[in-house]
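The values are calculated or read from the model by the stated rules, or taken from the named source; none is laboratory data. Being a predicted model, the structure only gives us computed values, none of them experimental. Glycine gets a Cβ as well: all are built from the backbone with ideal geometry, and neighbour counts include every protein chain shown. These area figures cover heavy atoms from the full protein model, side chains too; ligands, DNA and RNA do not enter into them. Shrake-Rupley method; radii C 1.70, N 1.55, O 1.52, S 1.80 Å.
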Amino acid sequence: MKTLDQLRFDNTYARLPGAFHARVQPTPLQDVHLVSISERAAALLELDPHSIRVNGAVARLSGSAEWPGTEPVAMCYAGHQFGHYVPQLGDGRAMILGEVVNDAGERWELQLKGAGLTPFSRDGDGRAVLRSTIREYLCSEAMHGLGIPTTRALCMFNSAEEIYRERIESGALLVRMAPSHVRFGSFEVFFYRQQYAALKDLADYVIDHNYPQLREQPQPYLALLTEVVERTARLMAQWQLVGFAHGVMNTDNMSILGLTLDYGPFGFLDAYDPGFICNHSDYRGRYAFDQQPSIGLWNLTCLAQAMLPLFDDDNGEAAVEMAKAALAGYEPAIAQHYAQGLRAKLGLIDERDDDQNLAQRLLDLMAGSGVDYTNLFRDLSGLARDVPADDISLRDRFIDREAFDAWARDYRARLEAESSEDSARRERMNRVNPRYILRNYLAQHAIAQAEQGDYAEVDRLLNLLATPYEDQPGMQAYATEPPDWGRHLEISCSS
Ligand code: AMP
Ligand code: MG
């Protein structure tokens, strides 16, 4: 286990040409103090979590004191926001500190979020408030606990700095980490500026650092696009299966590594509602829950377009055909991941043609009755074969109980057909259907306490959500549906 001083930095992103980033310095927050640290994330750096708690370490990690080895830069990127191209975005409040290389040779780029103004801040103040920082901190680690690719969160700080949003809030700071924070929008910025040499440098950088196996391919850039298509398809299927709505799927929030990136007004489904819009500012529902798979493809199409100059060709048509061929992999990939995931959620082993239909019928019934998505799937694992269909607690969750009974009979018949054994099925299902998710009301509760200076609930949720598939003694209250006040919390982009 290392202290901060012993971490080894190799800042490859900061060494890229000037068009990629701007040199910055964090602006210290007043009276900054540690809220929480994720020991699991610290372990990835081989960092001793206790070494962060000492004063000098807090000052360095929160950007208040110089940290030898780091070279802070803000990343330059563009992106399509709600369908419209915005030529200049960039890290307006995030700063890459540098890349820690651990003893296993793994590279983790450390980033501060909320560290003050950068040349890309536009009208913003470069800050992040406590409430949104807690949400990103907890959700990053919760998504990892669920087994979904994501940026990680090392630790977070609060301060006495007053930040103006709809009300005065305290300035907070997140230290997040990922193998890379490069986005689809990082490619778009060079494409639209016609800086094709920089575009190529970026693609080479991503391949060399994050996809080295693609270097051996006859067409590495095309292979890169193909791989991003596959990873994005898988990520979108995973979001749908766990009931996660991102809320702001702009291309600047889409990771080139297929990670969940930039947690803003995200939300997990409580009651199953395919049209769920978690972002209060998304009036038209562009990023509604059930739109995510198609938006994933829309965003990949933007990336593909930005990569066209990389595909060898003289007249452009061949490049377009190559991009189209890569994008054509999306629909079958997401369909396959989603179908496989639904089958697993139902505990089915064999693949049968009618499985999708069986799953969809259940989802439709859940939507009709507003049944809690997470709890229904979790509790379905307890459905036993020898209990009569009308004798189970699950049916009471549905308005049309007979319709559920009919579904349950068909489900049982389907289980019989593959000689499914109940206890083994329960174990299988409990490995993919979480008991605990970061419900909005749970996050809200932790935020309210933190705003009073009590951070215990943040740590409690962090620990609980690290192993969301295990029933944890004494924590049943954290698996309950939201109380009335917590059903329709409004979360907007202003964070
Ligand atoms: P987001 O929707 O949070 O991903 O942000 C979109 C863009 O706005 C990104 O380029 C952010 O860096 C920038 N941004 C968001 N909030 C702020 C802020 N408070 N200060 C400066 N830039 C911001
Ligand atoms: Mg963003």
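Among the residues making up region 288-316, those that are touching a residue at least 60 places away in the same chain (Cβ under 8 Å) and open to solvent by less than 30 Å² (accessible area, probe 1.4 Å) are G296, N299, L300, C302, L303, A304, A306, M307, L310, F311.
Taking the numbered list (1) open to solvent by less than 10 Å² (accessible area, probe 1.4 Å); (2) within 16 Å of ligand 2 (Cβ to nearest atom); (3) closer than 23 Å to H445 by Cα in turn, S132 passes all entries but (1).
D262 meets each of the listed conditions (1) within 15 Å of ligand 2 (Cβ to nearest atom); (2) open to solvent by less than 20 Å² (accessible area, probe 1.4 Å); (3) assigned to a loop (DSSP other than H, G, I, E, B) apart from (2). When E470 is tested against (1) farther than 24 Å from I334 by Cα; (2) of a type outside the set (A, V, I, L, M); (3) assigned to a helix (DSSP H, G or I), just one condition goes unmet, and that condition is (3).
Residues that are closer than 29 Å to P212 by Cβ, more than 16 Å from ligand 1 (Cβ to nearest atom) and in contact with a Pro (Cβ under 7 Å, 6 or more places away or on another chain): does region 257-264 have at least one?
Yes, there is a match, as at least one residue in region 257-264 is closer than 29 Å to P212 by Cβ, more than 16 Å from ligand 1 (Cβ to nearest atom) and in contact with a Pro (Cβ under 7 Å, 6 or more places away or on another chain).
Going by what's in this entry, would R122 be described as open to solvent by 20 Å² or more (accessible area, probe 1.4 Å) and on the phi > 0 side of the Ramachandran plot? So R122 fits the description; yes. Among the residues of region 79-97, those identified as buried (at least 22 other Cβ atoms within 10 Å of the Cβ) and away from ligand 1 (no atom under 12 Å from the Cβ) are I96, L97. Which one is nearest to ligand 1 (Cβ to nearest atom), of the residues in region 104-129 that are under 14 Å from F9 (Cβ atoms) and among the acidic types (D, E)? That would be E109.
Please verify whether region 266-275 includes one or more residues that are within 13 Å of ligand 1 (Cβ to nearest atom) and at pLDDT 95 or above.
Scanning region 266-275 turns up at least one residue that is within 13 Å of ligand 1 (Cβ to nearest atom) and at pLDDT 95 or above.
Among the residues that make up region 95-110, is at least one of them within 14 Å of ligand 2 (Cβ to nearest atom), at pLDDT 95 or above and not in a strand (DSSP E or B)? No, region 95-110 contains no residue that is within 14 Å of ligand 2 (Cβ to nearest atom), at pLDDT 95 or above and not in a strand (DSSP E or B). Of all the residues in region 147-177, those that are buried (at least 24 other Cβ atoms within 10 Å of the Cβ) and either outside the structural domain of R53 (by TED's automatic domain parsing) or not in a strand (DSSP E or B) (or both) number 1.
Once region 111-129 is narrowed to residues that are away from ligand 2 (no atom under 14 Å from the Cβ) and touching a residue at least 40 places away in the same chain (Cβ under 8 Å), the residue that is nearest to Y436 (Cα to Cα) is V129.
If you check S281 against the conditions, is it open to solvent by 20 Å² or more (accessible area, probe 1.4 Å) and within 13 Å of ligand 1 (Cβ to nearest atom)? Judged against the criteria, S281 is a match.
Of the residues in region 241-250, at least one is in a helix (DSSP H, G or I), open to solvent by less than 40 Å² (accessible area, probe 1.4 Å) and either under 23 Å from N440 (Cβ atoms) or more than 16 Å from ligand 1 (Cβ to nearest atom) (or both). Return the residues of region 429-452 that are of a type outside the set (A, V, I, L, M, F, W, C) and under 15 Å from F266 (Cα atoms); say none if nothing qualifies. Residues satisfying the conditions are R439, N440, Y441, Q444. Checked against the criteria, D312 does not count as more than 19 Å from the chain's Cα centre (by Cα), in the same structural domain as Q240 (by TED's automatic domain parsing), closer than 17 Å to L241 by Cβ and not in a helix (DSSP H, G or I). Scan region 407-428 and give yes if some residue there is under 27 Å from the mean Cα position of the chain (by Cα), farther than 19 Å from L269 by Cα and of a type outside the set (A, V, I, L, M), otherwise no. Within region 407-428 (the criterion being under 27 Å from the mean Cα position of the chain (by Cα), farther than 19 Å from L269 by Cα and of a type outside the set (A, V, I, L, M)), the answer is yes, since at least one residue qualifies.
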